[in-house]
Each structure stands twice: as C-alpha cells, then as structure tokens.
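One structure is given below, encoded as structure tokens.
The values are calculated or read from the model by the stated rules, or taken from the named source; none is laboratory data. Since the structure is predicted, the reported quantities are computational estimates derived from the model, not experimental observations. Cβ sites come from the backbone with ideal geometry, for glycine too, and all protein chains shown count toward neighbours. Just the protein is used for accessible areas: all its heavy atoms, side chains included, with ligands, DNA and RNA removed. Shrake-Rupley method; radii C 1.70, N 1.55, O 1.52, S 1.80 Å.
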Amino acid sequence: MATSTMLASSMATSLRSLPAHALVPLVASALLFLAAVARGVLRRRQRPVYLLNYSCHLPDVDRKVNLEVCEYFGQRCRHYSDDTADFMRLIYRKSGLGQETYAPPFIFSGEFQKTQAFAVQEAEEGLFATVAHLLAKSDVHPAEIGVLVVACSMFSPAPSLASMIVRRFKMASETKTYSLAGMGCSAGTVGIDMAARALRVSRSRRGRGGYALVVVTENMSLNWYFGENKHMLVTNCIFRVGSAAALVTDVAARRADAKYELVRTLRTHHGGDDAAYNAAVQMEDEEGNVGVALTKDLVRVAGAGLRQHIATLAPHVLPVSELLRYVWRVARAYVAGNPKAAAAVVPDFQRAFEHMCIHSGGKAVIDAVAKLMAFGPQVVEPARATLHRFGNTSSSLVFYELAYFEAKRRVRAGDRLWMLAFGTGFKACSNVWRALRDSAPDADNPWNACAHRYPAALPPPSTRRSSGAAVVDGAHVKSDKLP
C-alpha cells in the first residue's frame, strides 16, 4: 500500500512538472482511454464465436525440398545465370528455413514449367485434404456449413477455389461463399474476422447459430519467378507449400467441444502510405517475367505498421496496471527531455497474452517484431520454429504456429493467445483467443513427428548493418547488387 502511494505521489509530481505542450497530449490520451473503457463496459456483449477445431496440411514426404533439390532445379531448368544462382543460394542459407520444407508439384515434375494444371493440382492437394480432416474430426457434415471463406492471394481461378470446395464436399446451395485474393499473409486472420462477422449477421437474420469454414492457402505454381531481378527472386527462396482450415461456430451447444473462444479481432490498413503500399508488389520485370518484388522497405514498413496497430489494440487487451506503467514511462521520458525515447516506449504485451503466434514471414521480420516489442527468444521461438520447419506458408502460418503450441502441450484453459499477421497493401490483423481447455495435439497435427526436435539451434537474429545494405528477409545484400 505504501509503495502504491509513493508511486502515485511520484507520478503526480512528475506530471505537474510537465510543460503544457507535453501535458495536453497525455491528458487527451487518458481521456480517450477512459472513454474506450466506458464503451467496453456499457456495450452489450456480442454473442461468442468459438474455434471448434482446425487442421494444417502436411504434404507427402516426396514433396520435401532442401537446398540440394533447389540447386538441382535451378541448374536443370536453365533459367538462371550463375550470379543469380549464387544470390538465391545466399538468400536460402540466411533465410532461417530448414531442410524439410515443402515445394509445389511442378518442382518435381521434370518439366520445369509452371502451368495452370500444376496450380490446380497444388490447390486441390492442400485444400481437399485439410478440409476433409477438419470436418471428420469436428463431427460436422459439409451440408451444415453456412459460410465458406477461402483465401489465396496469388491464384484466383474460375470457377473459384470456394466453388471447388463446395463441389468436392457437396455443400448446401444456401452456403454463402467468399473468395479472398491479394490479401497476402494476413488472409488467415482476416478470414477468421470475416467468418465471425458473417455468423453474427446470419444469426440476426435467421435467429439461430451456424458454422463457418475458413480455408487458407497459397499457390506457388504460377508464381515461381524465372527472371534475374533480385528483389523478386527472394520469394523463390522463402515461400513454401502450406494450407490450413478452421471451423468456427456460434452454436452455444458446441462450446464444450471447442478449443478457443474469439475475444477480439482488429484489422488496420496502411496502404495510404506509398512505401507501405509498394513494400511487396506483384509485377513484371524488364523481360516480362511475373513475380512478387519484396523491397528493402519491407522490414521498416512492418515495424511502422505494427507500431500503429498495437496502439489501437493495446487499450482493449492490456491490464490497467500495464497501461498506467506505459503512461508513466512515456511521461518520465518527456520530463527528461527525450521525446525520441518517449516515442520508442512500447507496452509489455506479455502481460496481456500467455502465447503469441507472431507473423513468421521471414527471419528479418521476426527479428524486427522481437526488437520493437522487446520480446525474448522464448516468445518468438514458435515463429522461428515454424519458419525453419515449414518456411513461409503465407496466410496459413499462424495456424502452424498454433499447432506448435498444442504439440508442445503449452496451452492451458483460460490462457490468452494472440495471432498477429501482416499482409500486402500493407495490412496488419490480430485475432485474440481464450483457450477453453488444455491443449493436446490432434492426430493430424503437422508437428507430431518433429516437435521434439524444437527449439533447435536456429540461426542467430539478423544484425543491423550500415545504410548501404538492404535487408531482404534475413539476408543482407549490398545495394549495388540490387537492380
């Protein structure tokens, strides 16, 4: 009690000593925070939405790819010069990927050509197997699915991927389907947000609950880059095959069967800034080869986007004690005449969540998030492990991280879990969950055969270099080598 009184007195003295130009923003922020708290208390609680279950695709063993396979493909396809092959080898070795990721079927075909048929094959292998496993273990018939959300950024055929799933599983004609494209790695968390909203709208109209199926994947078969642009070659080295499916419901009777309850979602879009919009763009190179260019601004844009995102999320998830501690640290920095230090202060989100599925799009991105949020190695361990074992599987990666927590049996009933993903545009999206029961790995958990090998001796975090070097997903490349 005495300690609390002394702290309050010290804070009051420091605040009184602040100049008006510094005090006004703090008071305004405090009022906004109180208003947000009041809204949360007074607002009628939304009907809960549950994550009944989910599945992650584990491709066949003959789809595994390592550095040796990549080098063989690069030499046999005869699309790359020796300099380009050396560059991709450098990126691969510094990417944080291991030797057991999975590649699309055309890599192993011997034809060395990307075709529509290979893209369809890649999509069907991941989507159909994942959905079948999920429905079987969730005891839900395909005809009961009222909402279907399918996301794939780089492959949008006609009929759509959603239509392919409806046809394969003979879903009801009343099923509302949504196909998301171009959302990047954030599509998994965006899909959960969209499904939850669709369920609530459907209940308000029909008066009863239902099921929403979210299926996320990425497709590399038509997006493998065969040119010489180094910004566009990076995707060949870090993106790998992966799919996930999640079944969410607002049926109260299924709460006992569900794994998690959705507490909150947040989506922020930073595309109004040109650098953010152009950080990752699908384009043609000078020779007409199509690929995705990852610019040297990507890591900086991710950090800036994350800072704005957490500023919106913090008042809704952090305990009041941590918010007060954050205000105190900012005020103390201002009093000391160090506004830059005040701007760099970030709340401790480990006081809000027991587990975090952080975007594992690349080693440099993980390093940037860890540095900004002051996360220790144990917090980003699942992200590094997922990148090492499966590579960047785009929109499904947060579900592979969730599966890692369950394979390790770390989640306990009541634990709070944060899914954070970034996407092209530039977008950031969060899903906040509360565990309803202790975790245990399902029979189809993709980590069942390898979780015991992690945490492995992963590569050390990227170190900052001079301004003359660009960071491209963990690899530092001198600017004069980039076109």
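When we screen VAL49, VAL37 for residues that are among the β-branched types (Val, Ile, Thr), at pLDDT 90 or above and either within 30 Å of PRO315 (Cβ to Cβ) or in contact with a Leu (Cβ under 9 Å, 6 or more places away or on another chain) (or both), the only hit is VAL49. Within the range 271-293, the set of residues being touching a residue at least 40 places away in the same chain (Cβ under 8 Å) and not in a loop (DSSP other than H, G, I, E, B) comprises ALA276, TYR277, ALA280, VAL281, GLN282, MET283, VAL290, GLY291, VAL292, ALA293. One residue is enough: does the range 326-335 have a residue meeting the conditions in contact with a Ser or Thr (Cβ under 8 Å, 6 or more places away or on another chain) and either in a loop (DSSP other than H, G, I, E, B) or on the phi > 0 side of the Ramachandran plot (or both)? Within the range 326-335 (the criterion being in contact with a Ser or Thr (Cβ under 8 Å, 6 or more places away or on another chain) and either in a loop (DSSP other than H, G, I, E, B) or on the phi > 0 side of the Ramachandran plot (or both)), the answer is no, since none of the residues qualifies.
Let's see how each residue does on (1) modelled with pLDDT of 90 or more; (2) within 21 Å of the chain's Cα centre (by Cα); (3) polar (S, T, N, Q); (4) open to solvent by less than 20 Å² (accessible area, probe 1.4 Å):
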{"site": "GLU284", "(1), (2), (3), (4)": "yes, no, no, no"}
{"site": "LYS296", "(1), (2), (3), (4)": "no, yes, no, no"}
{"site": "VAL299", "(1), (2), (3), (4)": "no, yes, no, no"}
{"site": "ALA304", "(1), (2), (3), (4)": "no, yes, no, no"}
{"site": "ALA311", "(1), (2), (3), (4)": "no, yes, no, no"}
{"site": "ALA314", "(1), (2), (3), (4)": "yes, yes, no, yes"}
{"site": "LEU318", "(1), (2), (3), (4)": "yes, yes, no, yes"}
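Would the range 320-338 turn up any residue that is open to solvent by 50 Å² or more (accessible area, probe 1.4 Å) and closer than 27 Å to ALA275 by Cβ? The answer is yes; a qualifying residue exists.
Do we find a residue being assigned to a helix (DSSP H, G or I), open to solvent by 30 Å² or more (accessible area, probe 1.4 Å), at negative phi and not aromatic (Phe, Trp, Tyr) anywhere in the range 245-253? Yes, because at least one residue in the range 245-253 is assigned to a helix (DSSP H, G or I), open to solvent by 30 Å² or more (accessible area, probe 1.4 Å), at negative phi and not aromatic (Phe, Trp, Tyr). The residues of the range 163-193 that are modelled with pLDDT of 95 or more and among the acidic types (Asp, Glu) amount to a single one, ASP193. Evaluate the range 257-270: report whether one residue or more is hydroxyl-bearing (Ser, Thr, Tyr) and surrounded by fewer than 22 Cβ atoms within 10 Å (Cβ to Cβ). Yes: the range 257-270 contains one or more residues that are hydroxyl-bearing (Ser, Thr, Tyr) and surrounded by fewer than 22 Cβ atoms within 10 Å (Cβ to Cβ). The residue list VAL201, VAL190 contains one member that is among the aliphatic types (A, V, I, L, M) and open to solvent by less than 40 Å² (accessible area, probe 1.4 Å), which is VAL190. The number of residues in the range 373-413 that are open to solvent by 10 Å² or more (accessible area, probe 1.4 Å) and in contact with a Lys or Arg (Cβ under 7 Å, 6 or more places away or on another chain) comes to 1.
So that you can scan it fast, the table gives a plain yes or no per residue for (1) more than 23 Å from the chain's Cα centre (by Cα); (2) crowded, with 21+ Cβ neighbours inside 10 Å; (3) over 26 Å from ALA244 (Cβ atoms):
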{"residue": "ASP60", "(1), (2), (3)": "yes, no, no"}
{"residue": "ALA85", "(1), (2), (3)": "yes, no, yes"}
{"residue": "SER95", "(1), (2), (3)": "no, yes, no"}
{"residue": "GLY98", "(1), (2), (3)": "no, no, no"}
{"residue": "GLU125", "(1), (2), (3)": "no, no, no"}
{"residue": "LEU134", "(1), (2), (3)": "no, yes, no"}
{"residue": "LYS137", "(1), (2), (3)": "yes, no, no"}
{"residue": "VAL150", "(1), (2), (3)": "no, yes, no"}
{"residue": "SER153", "(1), (2), (3)": "no, yes, no"}
